[in-house]
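Here the structure comes first, spelled out in C-alpha cells, and everything after it is commentary.
The values are calculated or read from the model by the stated rules, or taken from the named source; none is laboratory data. From a predicted model like this one, the values you see are computed outputs, not experimental measurements. As a convention, Cβ positions derive from the backbone with ideal geometry for all residues, glycine included, and neighbour counts pool all protein chains shown.
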2 protein chains.
Amino acid sequence: MITHTQETCSKAKLAIHDTLDIVGGKWKLILIAVLRSGKRGFNELSREAGISPRILSKELQELEINGLISRKVCNTKPVTVIYELTPYSDTLADVLTAMENWGYQHRQKILANK
Amino acid sequence: MITHTQETCSKAKLAIHDTLDIVGGKWKLILIAVLRSGKRGFNELSREAGISPRILSKELQELEINGLISRKVCNTKPVTVIYELTPYSDTLADVLTAMENWGYQHRQKILANK
C-alpha cells in the first residue's frame, strides 16, 4: 500500500467521504449489484435485496437523484415501476469489483482460520 | 460493466455484503485512509478524522477485532495508545483506491455541471 503524505491523505479522506456520501450505507451498493443483472420492478428488488419497501423507496430515490439509476413508470394495470442502472453507474465498476474481491477473500480467510 | 447472471449476482451480493459488514459505515475507511500516512494516537485520530471519542473508540475496536489495525499501549506518563495499520489492511488497497478515484471524479463531474 502506498504511504500517504499529509496532503494526499486529506485529498483521499475527502474523496472517500464523497463516495461514502453517495453510495455508503447498508444497501446502495447491494442494489447496484442486483441491478447489474438486469432491470427490476420494485417488489422484485425488495425481495432480491432483502430490503423493506419503506427503506428501499428511500434508497432508490437517492440513487436516482445522484444519477446512478433510472425509474420508468409503465402504463400497465396496475402501474408498474421499473428501475435500471444508468450508463453513469458504470463508473462504479471498480468500486464494486474491489469490494466483491475483498469480501470474497476475507470470507475465505475466516473459513480457513476456523 | 460486466452483466451479471443470477448466480454471479448472488455471489457478488454476498461478497459486497461481507465487505460492508467489516468496513461499511461512515468512518472505518476514513480511519484506514488516515492511518495510511502513519500511526496515530487516539486524540490525533479523533481530530484528524473528525470523529467523537465515543464513536472512535467503538470503530477502532471493531477494526482491531477484524485484524485491520493494531493497538499498542505505551508505558508513558500518562499512558498513550498508538494505533497503526496491520499488514492485512493492505488487502484493502484496491477498495480504497477505487473509492478515492470515484469520489474524486464524481466531485469533478458535479463541479463541471454547476
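Some observations on this one:
- Qualifying residue in the stretch B:3-22 (condition: over 17 Å from A:Leu96 (Cβ atoms) and surrounded by 15 or more Cβ atoms within 10 Å (Cβ to Cβ)): no
- Filter result (β-branched (Val, Ile, Thr), out of contact with any strand residue (DSSP E or B) (no Cβ under 9 Å at 6 or more places or on another chain) and free of Cβ contacts under 8 Å to residues at least 60 places away in the same chain) within the stretch B:14-42: B:Ile16, B:Ile22, B:Ile30
- Residue count for the stretch B:41-91 under the criterion of being among the charged types (D, E, K, R) and within 14 Å of the chain's Cα centre (by Cα): the result is 7.
- Residue count, the stretch B:68-97 (criterion: touching a Ser or Thr at 6+ places or on another chain (Cβ under 6 Å) and more than 15 Å from B:Gly41 (Cα to Cα)): 2
- Test: residue in the stretch A:29-39 that is surrounded by fewer than 20 Cβ atoms within 10 Å (Cβ to Cβ) and assigned to a strand (DSSP E or B): no
- Flag if A:Lys58 is in a helix (DSSP H, G or I), of a type outside the set (A, V, I, L, M, F, W, C) and closer than 20 Å to B:Tyr104 by Cβ: no
- Looking only at residues in the stretch B:15-58 that are of a type in the set (Asp, Glu) and under 21 Å from A:Val95 (Cβ atoms), the one that is nearest to the other protein chains (Cβ to nearest Cβ) is B:Asp18.
- Whether a residue is out of contact with any Leu (no Cβ under 6 Å at 6 or more places or on another chain) and at pLDDT below 95 was assessed, and B:Pro78 passes this test.
- Count of the stretch A:66-109 residues, restricted to those that are free of Cβ contacts under 8 Å to residues at least 12 places away in the same chain, more than 9 Å from chain B (Cβ to nearest Cβ) and either crowded, with 16+ Cβ neighbours inside 10 Å or outside any helix (DSSP H, G or I) (or both), is 7.
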